[in-house]
Amino acid sequence: MSQIESRKKALVIAVSEYDEGSNLTSLPFCKNDGNEMIELLKDAGYEIKNVNGLIGRIDGRLMQDCIYSFFKDDIKSDDTILFYFSGHGVPGDDDFFLSSSNIDQSKPKMRGFSFADLSGEITNCRAKRVVTILDSCYAGSLNISGKGNE
């Protein structure tokens, strides 16, 4: 009988620079935290999806594409995946959002990533083990159901 080898994969996003139009202050420590997290995860045997990192100034569309791809691309049920985000979180009309560098707080859906979408990606991900680390305002508002309840 062939045994499937489980893999460990991670996506690290650390937004430290924000455009003037976002009205958000820069968070230089996020860049350091993101780089340290990448090294820590590499040492723990994680395959880092973004070896060059989504660190520093992060375009909203790139961030959205990378998050959606991460939870879908080549994920098997026995994999352990880890999603890490460090940066600003902002409220929207009916949800909270992870902020990119060029987010417009009056329209956060356009260049942010909603907690509802993140929760959906986590819940629908093939991997049985999903670790989520959010270092942002409003992180406690993320509602994740379905994982870990087996």
TODO: Please indicate, with yes or no, whether at least one residue in segment 23-45 is among the basic types (Lys, Arg), open to solvent by 50 Å² or more (accessible area, probe 1.4 Å) and more than 16 Å from residue 135 (Cβ to Cβ).
DONE: yes
Open item on the list: So, residue 135, is that one acidic (Asp, Glu), modelled with pLDDT under 95, touching a strand residue (DSSP E or B) at 6+ places or on another chain (Cβ under 8 Å) and within 24 Å of residue 32 (Cα to Cα) or not?
Closed with: yes
Open item on the list: So, residue 51, is that one at pLDDT 95 or above and within 15 Å of the chain's Cα centre (by Cα) or not?
Closed with: no
Open item on the list: Suppose we keep only residues that are at pLDDT below 95, open to solvent by less than 80 Å² (accessible area, probe 1.4 Å) and over 19 Å from the mean Cα position of the chain (by Cα) within segment 1-22. Which one would you say is farthest from residue 109 (Cα to Cα)?
Closed with: 6
Task: Filtered residues of segment 103-120 (kept if open to solvent by less than 30 Å² (accessible area, probe 1.4 Å) and within 14 Å of residue 25 (Cα to Cα)) - done: 103
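The values are calculated or read from the model by the stated rules, or taken from the named source; none is laboratory data. This structure is a prediction, so every number in the text was calculated from the model and none was measured. Cβ coordinates were reconstructed from backbone atoms using ideal geometry, including for glycine residues, and neighbour counts include every protein chain displayed. For the accessible areas, the whole protein counts, side chains as well, though only heavy atoms, and no ligand, DNA or RNA atoms are used. Shrake-Rupley method; radii C 1.70, N 1.55, O 1.52, S 1.80 Å.
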